[in-house]
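The values are calculated or read from the model by the stated rules, or taken from the named source; none is laboratory data. Computed from a predicted model, the values in this text were never measured in an experiment. Here the Cβ positions follow ideal geometry from the backbone for every residue, glycine too, while neighbour counts run over all protein chains shown. Side chains included, ligands, DNA and RNA excluded: accessible areas come from the protein's heavy atoms. Shrake-Rupley method; radii C 1.70, N 1.55, O 1.52, S 1.80 Å.
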Amino acid sequence: MEIKVARSAGFCFGVKRALEMVDKALEVNDSPIYSLGPLIHNPAVVQDLEARGLQQIEQIDGISRGRLVIRSHGVGPQIMQQAVAQHLEIIDATCPFVKNVQELAVMLKKEGYQLIIVGEREHAEVKGVLDSVGGQALVIEHPSQLDPKCLTAKVGLVSQTTQDIQSLNRVITTIVSHTKECRIFNTICLATLQRQQEASRLSREVDLMIVVGGKNSANTRHLAAICRESGTVTYQVESAADLQADWFSQAKLVGVTAGASTPDDQILSVVEKINFLGGNGVVDQNNVNQNEVAEQTSVKTEESIGYDWPEDRFGELRQGQIIEAKVVLVRDDAAFVDIGGKSDLTITLDELTTEPVLSAKEVVKAGDIIKVMVIKAGDEEKIKLSKRLYELEKVWVDLEEALAKQTPLEGTGMEVVKGGMSVRVKGVRAFMPASQSGLGPTNLSELVGKSFPVTVLELDRAKHRLLVSRRALLQAEKEKAEAEFYNTAKEGERKTGKVTRITDFGAFIDLGGGVEGLLHISEMSWLRVKSPREILNEGDSVEVLITKINPEAKRISLSLKQIQPHPWDLASKNFVEGGIYQGTVVKLESFGAFVNLAPGVDGLVHISQIADRRINKPDEVLNVGDQVQVKVLKLDTANRKISLSIKQVEADKDDEAVSNFIKGQDSAGVSQNLGEILKSE
Ligand code: F3S
């Protein structure tokens, strides 16, 4: 029995990256470190990480201190925001391929497409993508789950990165026949695609397939399904212990592949156990990917023409040396270069560039001559090259110059960390203290993923330490805007601004370029305002009147109420002398009662006008909150005064009853005395 192991078996780029980030974090033992869900779908690896201090949690409620690892599956914005609100330091290990799916989903939604996610509804990655579009998407795994009647004319589609290609194709075929416009993004990640293609090819060659990986790993399950589709008997195992001797009794050639979360030592122990059960060792491993090898060879032959390398120089290399290399083949996860040695060397994606890219093809192409740094010298297998570090060296020279000249550079917010945030500047991870992130208190999570100009505050090339500031440039911009504002703005002018901050005493309004004016609580409304938040929220756009400008003190006073009609201006339209209106008793004094007729409009019922009998105090007949009918005796809008009467309302009713009676008696000739009339009323 011979064994063939798929070349792509084992950790994918995203899983490797997540594990490296966690390894690094575990080296620092200053705060607890949590993983939201298992870091990878492999129980053995998870157990090992737990033993080293990574605590697995299912939700972050109630956790107020420590570091939170976001695993390669990613999470939606809600969890990110919750973590920031709970002051957790985020270690974002979301795979860039998964981030790409989230971004595409948001983009499709924004452009008005009905979003379909092809994947497993309960998978963490799908949940994160769904969350990033506020839950507004259909999630399906199979065409049978799709009701064509639910489809709109414009459909956009993304898929789980580990979805199997056949099921994705089936869903796409169904959708395109039921919609007018369909935008499809095949977001199955290239590592998955390559693994699936190789598994499919290998399973057709062998008598028996063994797929190694966690039972709850979606990509491992899909691999097993693909192998079974080719008609080959396939078993999915988590470890060597799951292998059963009788599976191998008839097999002459056994294929082994593994999911993206399976470590090499687990694959190795499975292969060793198969050997123990009758295998003759691994054969022909590299031939598994014959097409790719053939492709590499032909590219190399064709493109080596015209470039003469010195004699084999592997032995001459020194660590830190800068050399030239010729790119002979580019895959998504790596580039293969010829430096004149016996064979080609690999530069992995993470050593190719300082920029976050998804594929090596975005960085180099076959035939390019590039400069690289030797980061490990020695025997051929040990040599490690880095284009990234070579570029970094150049970048540090640029950074030193930017510090000397205070030249603005573009930074991109990466993640919120303790005391500030990390920012990518020219491919270097820099630290921006919270105090340098804006002109006032700044919501750092809003800067994650955004680009903004920064200046270099401090750098230490030897320690690769870079400190940047966004504040310095904002301050300069503000000063420029302020100078322009104080030269041109006038008291009495109206301006539209944005509410930046709300305090107990008012709101600060950005009138442009960071120039802020104060809208005091007393200037917000003609009515009584208990809290500025009754009227405004941060981020609101609002038109205000400039009431006072003090350039020396750099103080600008604003008013909102002064550009709104005063309630008394409306009183002359809404109330007339002699009219009867409903009101509410709002205050009782010894001399009478104040009755509110409309927001901001109160009138006085003098004590003599409260009842048709003598009373000593208003509270003998009235309480605050009583609804009463009042007659307007005098309306003086100029002085904002209304005199009211309650007793006149009753008297008017009596007068009306008498006059109605007299009218009725005149027409019917019937006599009735006044006492009877009033009794009947
Ligand atoms: Fe990323 Fe693909 Fe692995 S999405 S985590 S590289 S399987």
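Restricted to segment 317-353, and to residues there that are open to solvent by 20 Å² or more (accessible area, probe 1.4 Å) and part of a helix (DSSP H, G or I), the residue that is nearest to Phe13 (Cα to Cα) is Asp350. In segment 160-192, the residue that is least open to solvent (accessible area, probe 1.4 Å) out of those that are within 14 Å of Asn100 (Cβ to Cβ) and without any contact (Cβ under 8 Å) to a residue 40 or more places away in the chain is Ile188. Take the residues of segment 36-45 that are under 27 Å from the mean Cα position of the chain (by Cα) and away from the ligand (no atom under 13 Å from the Cβ): which is surrounded by the fewest Cβ atoms within 10 Å (Cβ to Cβ)? Checked segment 36-45; the qualifying residue surrounded by the fewest Cβ atoms within 10 Å (Cβ to Cβ) is Gly37.
I'd like the full set of residues that are of a type in the set (A, V, I, L, M, F, W, C) and either in contact with a Lys or Arg (Cβ under 9 Å, 6 or more places away or on another chain) or loosely packed, with under 12 Cβ neighbours inside 10 Å (or both), limited to segment 557-573. Result: Leu558, Ile563, Trp568, Ala571.
Looking across segment 2-30, the residues that are away from the ligand (no atom under 15 Å from the Cβ) and either part of a helix (DSSP H, G or I) or without any contact (Cβ under 8 Å) to a residue 24 or more places away in the chain (or both) come down to Asp23, Lys24, Ala25, Leu26, Glu27, Val28, Asp30. The set of residues from segment 168-190 being assigned to a helix (DSSP H, G or I) and away from the ligand (no atom under 16 Å from the Cβ) comprises Asn169, Arg170, Val171, Ile172, Thr173, Thr174, Ile175, Val176.
Number of residues in segment 106-119 that are open to solvent by 30 Å² or more (accessible area, probe 1.4 Å) and either within 19 Å of Pro38 (Cα to Cα) or in a loop (DSSP other than H, G, I, E, B) (or both) equals 2. Quick check: anything in segment 536-556 without any contact (Cβ under 8 Å) to a residue 12 or more places away in the chain and surrounded by 11 or more Cβ atoms within 10 Å (Cβ to Cβ)? No, segment 536-556 contains no residue that is without any contact (Cβ under 8 Å) to a residue 12 or more places away in the chain and surrounded by 11 or more Cβ atoms within 10 Å (Cβ to Cβ). Just one of (1) within 16 Å of the ligand (Cβ to nearest atom); (2) more than 30 Å from Ala245 (Cα to Cα); (3) of a type outside the set (Asp, Glu) fails for Ile33. It is (1). Among the residues of segment 92-118, just one is within 14 Å of the ligand (Cβ to nearest atom), more than 21 Å from Ala260 (Cα to Cα) and of a type outside the set (Asp, Glu), namely Leu104. For segment 468-491, state whether one or more residues are in contact (Cβ under 8 Å) with a residue 24 or more places away in the chain and assigned to a strand (DSSP E or B). Yes, segment 468-491 contains a residue that is in contact (Cβ under 8 Å) with a residue 24 or more places away in the chain and assigned to a strand (DSSP E or B). Scanning segment 51-105 for residues that are assigned to a helix (DSSP H, G or I) and more than 16 Å from the chain's Cα centre (by Cα) returns a single hit, Ala51.
Applying the criterion of at least 3 residues that are closer than 18 Å to Asp350 by Cα and touching a helix residue (DSSP H, G or I) at 6+ places or on another chain (Cβ under 9 Å) to the strands (runs of 3 or more DSSP E) found wholly in segment 394-436 leaves an empty list. Between Glu122, Glu89, the distinction of being surrounded by fewer than 22 Cβ atoms within 10 Å (Cβ to Cβ) and either touching a residue at least 40 places away in the same chain (Cβ under 8 Å) or within 16 Å of the ligand (Cβ to nearest atom) (or both) belongs to Glu89 only. Looking across segment 201-230 at every residue that is in a helix (DSSP H, G or I) and among the small types (Gly, Ala, Ser), the one that is surrounded by the fewest Cβ atoms within 10 Å (Cβ to Cβ) is identified as Ala225.
The residues listed here are Leu597, Leu644, Leu588; of these, the one that is outside any loop (DSSP other than H, G, I, E, B) and in contact with an Asp or Glu (Cβ under 8 Å, 6 or more places away or on another chain) is Leu588.
Scanning segment 477-506 for residues that are over 17 Å from Lys548 (Cα atoms) and of a type in the set (S, T, N, Q) gives Thr500, Thr503. The criterion of being in contact (Cβ under 8 Å) with a residue 24 or more places away in the chain and open to solvent by less than 10 Å² (accessible area, probe 1.4 Å) does not hold for Leu138. The residues of segment 374-387 that are within 19 Å of Val328 (Cβ to Cβ) and at pLDDT 85 or above, listed by number, are Val374, Ile383, Lys384, Leu385, Ser386, Lys387.
Being in a helix (DSSP H, G or I) and surrounded by 18 or more Cβ atoms within 10 Å (Cβ to Cβ) is a description that does not apply to Phe508. A residue that is closer than 17 Å to Met414 by Cα, within 14 Å of the ligand (Cβ to nearest atom) and either modelled with pLDDT under 90 or among the charged types (D, E, K, R) (or both) can be found somewhere in segment 54-71.
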